[in-house]
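Structure first, commentary second.
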Number of protein chains: 2
Amino acid sequence: MADIIARTESSDMPRGTAMTVTTGPIRGSRKIHVGPLKVAMREIMLDPSCGEAPLRVYDPSGPYTDAAATIDIAAGLPEIRSDWIRARGDVEEVNQREVRPEDNGLNGPDRSGGVEPFPNVRRRVLRAKPGANVSQMHYARRGIITPEMEYVAIRENVGRAELRERAARDGQDFGASIPDYVTPEFVRDEVARGRAIIPNNINHPESEPMAIGRNFLVKINANIGNSAVASDVAAEVDKLVWSIRWGADTVMDLSTGRNIHDTREWIMRNSPVPIGTVPIYQALEKVNGIAEDLTWEIFRDTLIEQAEQGVDYFTIHAGVRLAYIPMTAKRVTGIVSRGGSIMAKWCLSHHKESFLYERFEEICEIMKAYDVAFSLGDGLRPGSIADANDEAQFSELATLGELTQIAWKHDIQVMIEGPGHVPMHKIKVNMEKQLEACGEAPFYTLGPLTTDIAPGYDHITSGIGAAMIGWFGCAMLCYVTPKEHLGLPDRDDVKVGVVTYKLAAHAADLAKGHPAAQLRDDALSRARFEFRWRDQFNLSLDPDTAESYHDQTLPAEGAKTAHFCSMCGPKFCSMKITQEVRDFAAKQNAPADTFIAATSETEAERGMAEMKEKFRLSGSELYLPTS
Amino acid sequence: MADIIARTESSDMPRGTAMTVTTGPIRGSRKIHVGPLKVAMREIMLDPSCGEAPLRVYDPSGPYTDAAATIDIAAGLPEIRSDWIRARGDVEEVNQREVRPEDNGLNGPDRSGGVEPFPNVRRRVLRAKPGANVSQMHYARRGIITPEMEYVAIRENVGRAELRERAARDGQDFGASIPDYVTPEFVRDEVARGRAIIPNNINHPESEPMAIGRNFLVKINANIGNSAVASDVAAEVDKLVWSIRWGADTVMDLSTGRNIHDTREWIMRNSPVPIGTVPIYQALEKVNGIAEDLTWEIFRDTLIEQAEQGVDYFTIHAGVRLAYIPMTAKRVTGIVSRGGSIMAKWCLSHHKESFLYERFEEICEIMKAYDVAFSLGDGLRPGSIADANDEAQFSELATLGELTQIAWKHDIQVMIEGPGHVPMHKIKVNMEKQLEACGEAPFYTLGPLTTDIAPGYDHITSGIGAAMIGWFGCAMLCYVTPKEHLGLPDRDDVKVGVVTYKLAAHAADLAKGHPAAQLRDDALSRARFEFRWRDQFNLSLDPDTAESYHDQTLPAEGAKTAHFCSMCGPKFCSMKITQEVRDFAAKQNAPADTFIAATSETEAERGMAEMKEKFRLSGSELYLPTS
């Protein structure tokens, strides 16, 4: 099944700069929409022989994987939340802040790289009416269940309904409160308490609501973005669609260099998942890369510019306080966060606390006017095993806790960013300290990487740490690609990073005891045991790769229905033998208990002699006809 | 630097079946041999600018990475242990058991696949003199420190000497007893207690001694082998050399189908690492794949055949007892171990305990005559998340504990194989139960895989579990490749599997608090911070991949000495800023403490004002000349 490619070729565009994204259903799946809110899910179809219903899975891939959807990148996605937002009566339309040349770099946009402005750009945007607060937290605290919360509840419940009968819950949840069933009221309560966020800017009505919190499914984020060195907007839009296809729950646009504004507009208008940014990156471009020249006014203007475009969460490194900076001087790798080092340079140059810290309440006023969530940045996160869990890191964390309280005073949604590079034995305390310092606000970590010695394999090094911290309670895991520390990820790297993090998040859900997480493992394992190869591929996180790996050894179509695999071959197969064991146990009329109960040697020996005789008398046939 | 290829083209061979293996130093490294025992290590050379000594690392790659070595695959490796073995005076030379057609499959060897017999085959082999026991455990328990133990001590100490001054030990060891410094006496004591094994058959004198035990570095195993469906002997010899190049500490030859004997001879004679096998696989081929036809005599003969060839450890599924088999009937994936299912079928067909269990003491007699170590197989390991930690699995584990005691009565070295598929929250109890049931005999696990849903990425799914169980005390981690569950690994898969497991083992060493493990992380992180790109590549587990990934974004040679990377570009770089922070802190004559101590608001404000004034008066220059 070939992927269909949606192509947008505007007549204004220079030749060869068409935007293409991958569309069409994921192999073996179809898109469904559940209930009056049309909550998007994916159904994995199974072979009729197994008698199992299609398996529903959580699906952030948006309309791109819907065979029935028409994709037009130049028009953007449908605005599914517009009516919900306007129905609340607390927003007004205003003229969008005019785009200035410096928004795309001091010398204006670079058209040579194919960065046309988004054709279908809005001139009018939404903003809270004066005095209003449009954040989901604000509604939640007033007892209002929004459609966004209802959407989240239905989405998070995938698989749970059919499991209601199951009595036993497995797993170790380290104090999380994962319900058997997610109600809209539960979502509201989690958002009101600050234990979960629903990042969805009122100017991003294209987004399908999702929650980040430790009592929900563990989420993952993928980073994309231009850099000053390489890549172009077409590649970034493609990476957005590609990363959500494989399961990214949110995407951060970390563009630097030129064309930042235009690139972001293309991304926002085509994204069904929340988009996060680090506004200081763009602000820095506006002052030609000179950190000392940054001002509150430039930063504030950048926040409004991005909030009007619809960015759903802002990473803000307001915890980098002047007093913490010298704590990094003796580190092996100093300050590795780009935002952190920008602010450190500013603080040292001006010798005062940063405007992010000083103006935090003013930032809150902007956030609440658009419902942008805070992702409080860990500017002093450790960049090496040697620097993990040091004074600088935990001092900043304490400050992020204080800032969380301030944001919550304004009913602004908050999550907290975390490390970084941390050896396994130091991961758990990160989670514990974060929960305590930040009042259970969702934690959002980069990995952490559990060694420093595996460049080229840092998706794996960090996947280990990510799975563990997800288990301990981390709500969202920021992916790391194989190119980490070495270069910019390409399409293949993005996919590998996303799939690695999906499996880490799933491992965490299983270990936490999410009530429905194991459904997919069980379905896949049954398919494996019954040699339903296609089902095995389709139930996997990456059906295309699974099938292509299988075909490298046994390419024939017949091998996909063969009752053996390439490991043991047709003559002998352990799975085949197990089936024989099962048949044998069933047909002997001797329930398993007979064997198990025969624990004394004498009993066992007598039992064995009897069975052997029975076997001999039956003509030594392993498979007796059913009587 | 291109790899040199050692090529062997015997005139007897059909055209195109030349054996080639990769030789030559790992990029940026050189082989060294330490002390009178010439213990092989690798030194990673660093840029002279950093003023650091070359970093020594543990190195199982053998002579293949030694620029000074001459490799002749048809002759095999030098027999470095011959003198040590013979000097003990407890072995005799005997004629090797004659090779029979069925040793290579019932219809004899298949020459079409290029499987020539190994040219330099021995006719005489070693065996313990009547009544003697040549196992390392036997020597250890009599208080003898063998050269093998001395070799291990030196090898395990890499990096420790220079760290003797360091006071603090970091890590959480869950009851392990990792010494600051490994003495030969410590090695002897660990082997005598059964907490470590040194697998080295007296007929495998080419092997460089190594230890498997939780108080030593965590080891990894790579599986290779022909299957009935695909692959040939040249590819398997190549995979052997390739897997140890990237760090496999032992290799298991899991060949099935035809040519098993010949394939193994090529592997044994060219392996500097211990080789393990599952003898029941070959025994099964001798009875044409019909499990019921297996007999003790055929199995016993196979053990002797393989012991004479030099196999260092045998996986023996003696814990599959008849009473446990029905416990698997209700599993989602039944019995997934090939050896386990062979024995299950045999047990059910004959309705009695297996000859592996019944004849265990007779097996011990063979093991002690050649110093073959037991790897007690987990024939009932779980093959899915649903089946993890069930009754069948733990019942078998208890039996493996009983068998361990029997083996130890004979002074035979033992390790215990473990699962399989286990969600994160059920991993630790596996380690705890194994330590308790098996008297601290080394644990050797396959992964475990922490989810079932990632075919194509099972090296990662299992790498997560492997790192965790290694931390908890598992002594050796059996790798899983990206092809697991789908097909046979090729060369690339073998490398990815090995590197993934090296990083998992290293993550475990770090977390356990191995005293010297972090040296390499620190060296790499310093190189990263100082933009010594070449050093960063060379210190990594896979310098070739690291450099090629870097070059995909910034291919120019100049970029490898550039003080920026592709993520931030030349204009702004967080690492560069950190250096400025550091310089600034140093040059202000204001020690870090001044900042930190200024905790009260007033003090802090006064301090800031002072600093700002100082900054202003100095002409607002960030970098003051050193006075």
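For region B:15-33, the count of residues that are in contact (Cβ under 8 Å) with a residue 24 or more places away in the chain, surrounded by fewer than 19 Cβ atoms within 10 Å (Cβ to Cβ), on the phi > 0 side of the Ramachandran plot and in contact with a helix residue (DSSP H, G or I) (Cβ under 9 Å, 6 or more places away or on another chain) is nonzero. Just give me the residues in region B:14-51 being under 15 Å from B:ARG520 (Cβ atoms) and modelled with pLDDT of 95 or more, in sequence order. Matches in region B:14-51: B:ILE26, B:GLY28, B:SER29, B:MET41, B:ARG42, B:GLU43, B:ILE44, B:MET45, B:LEU46.
Within region A:467-497, being assigned to a helix (DSSP H, G or I) and either touching a residue at least 24 places away in the same chain (Cβ under 8 Å) or within 9 Å of chain B (Cβ to nearest Cβ) (or both) holds for A:ALA467, A:MET468, A:ILE469, A:GLY470, A:TRP471, A:PHE472, A:ARG491, A:ASP493, A:VAL494, A:LYS495, A:VAL496, A:GLY497. Scanning region B:260-273 for residues that are away from chain A (no Cβ under 14 Å) and in contact with a Gly (Cβ under 8 Å, 6 or more places away or on another chain) gives B:THR263, B:MET268, B:ARG269, B:ASN270, B:SER271, B:PRO272, B:VAL273. Would you check if there is a residue in region B:168-179 being closer than 21 Å to B:GLU440 by Cβ, in a helix (DSSP H, G or I) and either open to solvent by 30 Å² or more (accessible area, probe 1.4 Å) or modelled with pLDDT of 95 or more (or both)? Within region B:168-179, not a single residue is closer than 21 Å to B:GLU440 by Cβ, in a helix (DSSP H, G or I) and either open to solvent by 30 Å² or more (accessible area, probe 1.4 Å) or modelled with pLDDT of 95 or more (or both).
For region B:235-256, a residue qualifies if it is over 26 Å from B:GLY213 (Cα atoms) and open to solvent by 10 Å² or more (accessible area, probe 1.4 Å), and the qualifying residues are B:ALA235, B:ASP238.
Scanning region A:271-300 for residues that are part of a helix (DSSP H, G or I) and in contact (Cβ under 8 Å) with a residue 40 or more places away in the chain turns up A:ILE280, A:TYR281, A:GLN282, A:LEU284, A:GLU285, A:LYS286, A:ALA291, A:GLU292, A:TRP296, A:PHE299, A:ARG300.
Could you look through region A:528-549, keep only residues that are within 9 Å of chain B (Cβ to nearest Cβ) and among the polar types (S, T, N, Q), and pick out the one that is surrounded by the fewest Cβ atoms within 10 Å (Cβ to Cβ)? Within region A:528-549, the match that is surrounded by the fewest Cβ atoms within 10 Å (Cβ to Cβ) is A:SER548.
Answer with yes or no whether B:ASN104 is among the polar types (S, T, N, Q), in contact with a helix residue (DSSP H, G or I) (Cβ under 7 Å, 6 or more places away or on another chain) and modelled with pLDDT under 95. Judged against the criteria, B:ASN104 is a match.
Residues in region A:536-567 that are part of a loop (DSSP other than H, G, I, E, B) and at pLDDT 95 or above: A:SER540, A:LEU541, A:ASP542.
Applying the criterion of being in contact with a strand residue (DSSP E or B) (Cβ under 7 Å, 6 or more places away or on another chain) and under 30 Å from B:HIS351 (Cα atoms) to the residues of region B:241-299, the residue that is modelled with the lowest pLDDT is B:LEU254.
Filter region A:334-355 for residues that are within 7 Å of chain B (Cβ to nearest Cβ) and part of a loop (DSSP other than H, G, I, E, B) and give the result. Selection gives A:GLY334, A:ILE335, A:VAL336, A:SER337, A:HIS351, A:LYS352. Only one residue in A:ALA69, A:ALA74 is under 30 Å from A:ALA161 (Cβ atoms), open to solvent by less than 70 Å² (accessible area, probe 1.4 Å) and part of a loop (DSSP other than H, G, I, E, B), so which one is that? After ruling out the rest, the residue left standing is A:ALA69. Apart from one condition, A:HIS514 fits all of (1) at pLDDT 95 or above; (2) open to solvent by 10 Å² or more (accessible area, probe 1.4 Å); (3) more than 9 Å from every other protein chain (Cβ to nearest Cβ); the exception is (1). Across region A:452-466, the qualifying residues are those that are hydroxyl-bearing (Ser, Thr, Tyr) and within 7 Å of chain B (Cβ to nearest Cβ), and the one among them that is surrounded by the fewest Cβ atoms within 10 Å (Cβ to Cβ) is A:TYR457. May I ask you to list the residues in region A:236-283 that are farther than 20 Å from A:VAL480 by Cβ and among the β-branched types (Val, Ile, Thr)? Passing the criteria: A:VAL237, A:VAL241, A:ILE260, A:THR263, A:ILE267, A:ILE280. For region A:363-375, check the following and say yes or no: at least one residue is within 7 Å of chain B (Cβ to nearest Cβ), in contact with a Gly (Cβ under 8 Å, 6 or more places away or on another chain), closer than 22 Å to A:GLU484 by Cα and touching a residue at least 12 places away in the same chain (Cβ under 8 Å). No, every residue in region A:363-375 fails to be within 7 Å of chain B (Cβ to nearest Cβ), in contact with a Gly (Cβ under 8 Å, 6 or more places away or on another chain), closer than 22 Å to A:GLU484 by Cα and touching a residue at least 12 places away in the same chain (Cβ under 8 Å). Which condition number does B:SER462 fail, the rest of (1) part of a helix (DSSP H, G or I); (2) polar (S, T, N, Q); (3) over 30 Å from A:ASP387 (Cα atoms) being met? The single condition B:SER462 does not satisfy is (3).
Residues in region A:201-257 that are outside any loop (DSSP other than H, G, I, E, B) and aromatic (Phe, Trp, Tyr): A:TRP242 alone. Taking the numbered list (1) of a type in the set (A, V, I, L, M, F, W, C); (2) under 24 Å from A:ALA196 (Cβ atoms); (3) in a helix (DSSP H, G or I) in turn, A:MET327 passes all entries but (2). Going by the conditions given, is B:TYR324 within 10 Å of chain A (Cβ to nearest Cβ), open to solvent by 10 Å² or more (accessible area, probe 1.4 Å) and among the hydroxyl-bearing types (Ser, Thr, Tyr)? Taking the combined requirement at face value, the residue satisfies it. Could you list, in sequence order, the residues of region A:210-237 that are more than 14 Å from chain B (Cβ to nearest Cβ), at pLDDT below 95 and within 18 Å of A:THR250 (Cβ to Cβ)? Matches in region A:210-237: A:GLU236, A:VAL237.
The values are calculated or read from the model by the stated rules, or taken from the named source; none is laboratory data. If you're wondering where the values come from, they're calculated on a predicted model, not measured in any experiment. Backbone-built Cβ (ideal geometry, glycine too); neighbour counts: all protein chains shown. The area values use the complete protein model at the heavy-atom level, side chains included, leaving out ligands, DNA and RNA. Shrake-Rupley method; radii C 1.70, N 1.55, O 1.52, S 1.80 Å.
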